[in-house]
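Contents: one structure, followed by commentary.
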Amino acid sequence: MGPDFCDSPPSSSSSTASSHHVVLFPFMSKGHTIPLLQLARLFLNRHHFAVTVFTTPANRPFIVHTLSDTAASVIDLPFPDNIPGIPSGVESTDKIPFSSMSVFYSFAAATKLMQPHFEQALQSLLLPPRYSFIVSDGFLWWTLESAAKFGLPRLVFYGMCVYSNSLSRIVAKNRLLPHLDDNNNDESKSITVTPFPWISVKRNDFPPVFTELVYSKGLASEFHLNCLKSTENSFGLIFNSFYELEAVFIEYWKQNLLPKPWCVGPFCLAEPKAWPRPTKPAWIEWLDQKLEQGSSVLYVAFGSQAEVSTQQLEEIAIGLEESMVNFLWVVRKNELELTDNSDGFEERVKDRGMVVRDWVDQREILMHESVHGFLSHCGWNSVLESICAGVPILAWPVMAEQPLNAKMVVEEIKVGLRAETCDGSLKGLVKWESLKKMVKELMEGEMGKEVRKKVKKVAEMANKAVVEGGSSWWALESLTDEICKENKSSKCGD
Ligand code: UDP
């Protein structure tokens, strides 16, 4: 099946308005797609570029809906069928069980089967307006080859901050973590990250698959190696971050790592502050009530991907109940029954707690004046959204690079406190007693006060970075200039 043009491709009238055409290709997971759609707004609104987003049929409605107020075009390509372990119709990683990483790797590897369709679609789009460049997710390593075939520069996006990305690269390259089979299996042993002597990491700061990647040859290591090679050979790496947030790490990257980094975020600030809608969702009305009562609320959410066990959900419920704070807790749909098990919990806390089992506008919640704290898994988007809203974080990493993000939040930028598991491991339980203590500290304690003060300052810096003359504003300016020079075959707008 050839490319399916769901929305009309950019018309010739847009070719006169837009001298550039940006092709965006996000990876099929919410945490990777959302920031690229926010980036689309930067290109559309600030530079008036034409933007085409590539996706798959099942992901299309979310993308079309998210960009419905823009002039972006969306093209969907057929997603490969018969991938081992992936039920037919599942085209997004939030719908696959993460308990088995091998399923994720077959999903990611299968995306390469989309390459011929992608190139066919690029071919048919090679009419005015010309492309200027492709921005694609780092997991779609094969898009570099496609970009090269059409003479287009490719920029890579990973969704990680510079801190976590550079630490991972340094630790992997220098094999700083001992092999799991070595006798040296002490999980709590600290290892100094040489270029940054004040930073020490433990094995638990990396997902279990990380050491496998470094030491063994298999689907996972082959996949990451492909991604790394293709990233290093790309024109540049776009970071959803801003210079002032992690200057030391950006400078290190510029001197030591490839490709050239561009910090043009936080992307979430490119979104409108409020979306037009007929009625307010129940949870926003609930937050409004809390605000009227002069009460502050803790927002609790673990993103779109993390799986929280039944036992852990129950510990969270008790911890929140015992802490006596007001809370808004968003659980994923498949956790519905699990929290229902918590024996009258919602009834008992109904005056000060609300559980939501729906997709929410997280930014709207974080920006609500009543929200004074965020118990978060530290997905990078959630961290940035919290920072931009001036809300301090209780960091509880669950998977992927989240432990590094949590270290960054707590130790580097000091905008949050840490929730600790009982055995220090990533998979360990956070017991209700410890959760209660940390929730109270964040919402009412002295340490909470400190991080709240700090996050307000960082929020100001973030907002300054994206407005005219700010660091991210300039970075995007110079990025588009350089792309113009690189892309000699296309005529750049004056
Ligand atoms: N998100 C949302 N509503 C939800 C759940 C998640 O808007 O109900 C958004 C959230 O605001 C963030 C993204 O989904 O932009 C999740 O990305 P993050 O990096 O925080 O975590 P991930 O889901 O990748 O683990």
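The values are calculated or read from the model by the stated rules, or taken from the named source; none is laboratory data. The structure displayed is predicted, hence computed values, not measured ones. In this analysis, Cβ positions are derived from the backbone assuming ideal geometry, glycine residues included, and neighbour counts consider all displayed protein chains.
Residues that are farther than 21 Å from GLN312 by Cβ and at pLDDT below 95 were ranked within segment 336-354; the one that is nearest to the ligand (Cβ to nearest atom) is LYS350. Which residues, counting only those in segment 55-105, are within 16 Å of the ligand (Cβ to nearest atom), surrounded by fewer than 18 Cβ atoms within 10 Å (Cβ to Cβ) and among the hydrophobic types (A, V, I, L, M, F, W, C)? Passing the criteria: PHE62, PHE98, MET101. Kindly indicate whether any position in segment 255-269 is modelled with pLDDT under 95 and of a type in the set (Gly, Ala, Ser). So far as segment 255-269 goes, no, none of its residues is modelled with pLDDT under 95 and of a type in the set (Gly, Ala, Ser). LYS254 meets all of the listed conditions (1) touching a residue at least 40 places away in the same chain (Cβ under 8 Å); (2) touching a strand residue (DSSP E or B) at 6+ places or on another chain (Cβ under 8 Å); (3) more than 18 Å from LEU36 (Cα to Cα) but one, namely (1). Going through (1) touching a residue at least 40 places away in the same chain (Cβ under 8 Å); (2) within 16 Å of the ligand (Cβ to nearest atom); (3) farther than 26 Å from ALA462 by Cβ; (4) not in a loop (DSSP other than H, G, I, E, B) one by one, VAL308 falls short only on (4).
Selection within segment 256-283: residues that are charged (D, E, K, R) and surrounded by 14 or more Cβ atoms within 10 Å (Cβ to Cβ). The member of this set that is farthest from the ligand (Cβ to nearest atom) is LYS260.
Whenever a residue of segment 258-278 is closer than 16 Å to THR66 by Cα, its partners that are small (Gly, Ala, Ser) and not in a loop (DSSP other than H, G, I, E, B), lying with C-beta atoms within less than 9 angstrom and at least six residues away or across chains, give the pairs LEU269/ALA462; LEU269/ALA465; LEU269/SER472; ALA270/ALA40. Looking at SER386, SER434, just one residue is in contact with an Asp or Glu (Cβ under 9 Å, 6 or more places away or on another chain), of a type in the set (Ser, Thr, Tyr) and either at pLDDT 95 or above or on the phi > 0 side of the Ramachandran plot (or both), and that residue is SER434. Does GLN362 satisfy the condition of being within 26 Å of SER425 (Cα to Cα) and either among the acidic types (Asp, Glu) or buried (at least 19 other Cβ atoms within 10 Å of the Cβ) (or both)? Here the answer is no, as GLN362 does not meet what is asked. Among the residues of segment 25-54, the ones that are under 17 Å from the mean Cα position of the chain (by Cα) and more than 16 Å from the ligand (Cβ to nearest atom) come to 1 in all.
GLU314: of a type outside the set (S, T, N, Q), more than 16 Å from the ligand (Cβ to nearest atom) and at pLDDT below 95, yes or no? Spell out the reasoning first.
Working: of a type outside the set (S, T, N, Q): yes; more than 16 Å from the ligand (Cβ to nearest atom): yes; at pLDDT below 95: yes.
Here the answer is yes, as GLU314 does meet what is asked.
Going by the conditions given, is LEU394 within 13 Å of the ligand (Cβ to nearest atom), aliphatic (A, V, I, L, M) and at pLDDT 95 or above? Here the answer is no, as LEU394 does not meet what is asked.
Does at least one position in segment 355-376 carry a residue that is within 16 Å of the ligand (Cβ to nearest atom), in contact with a His (Cβ under 7 Å, 6 or more places away or on another chain), hydrophobic (A, V, I, L, M, F, W, C) and closer than 26 Å to SER295 by Cβ? Within segment 355-376 (the criterion being within 16 Å of the ligand (Cβ to nearest atom), in contact with a His (Cβ under 7 Å, 6 or more places away or on another chain), hydrophobic (A, V, I, L, M, F, W, C) and closer than 26 Å to SER295 by Cβ), the answer is no, since none of the residues qualifies.
Quick check on my filter: what residues within segment 463-481 are touching a Ser or Thr at 6+ places or on another chain (Cβ under 9 Å) and surrounded by 17 or more Cβ atoms within 10 Å (Cβ to Cβ)? Walk me through how you get there before you give the answer.
Initially, segment 463-481 is screened for residues touching a Ser or Thr at 6+ places or on another chain (Cβ under 9 Å), giving 464-466, 472, 480.
Those that are touching a Ser or Thr at 6+ places or on another chain (Cβ under 9 Å) and surrounded by 17 or more Cβ atoms within 10 Å (Cβ to Cβ): ALA465, VAL466, SER472, THR480.
Contact map, segment 462-486: residues that are farther than 24 Å from ILE387 by Cα paired with residues that are of a type in the set (A, V, I, L, M) and modelled with pLDDT of 95 or more, Cβ distance under 9 Å, separation 6+ or inter-chain. Pairs shown: LEU479/LEU155; LEU479/ILE238; LEU479/VAL264; ILE483/LEU155.
When only residues in segment 284-304 that are aromatic (Phe, Trp, Tyr) and within 14 Å of the ligand (Cβ to nearest atom) count, which is farthest from the chain's Cα centre (by Cα)? Among those that are aromatic (Phe, Trp, Tyr) and within 14 Å of the ligand (Cβ to nearest atom), it is TYR299.
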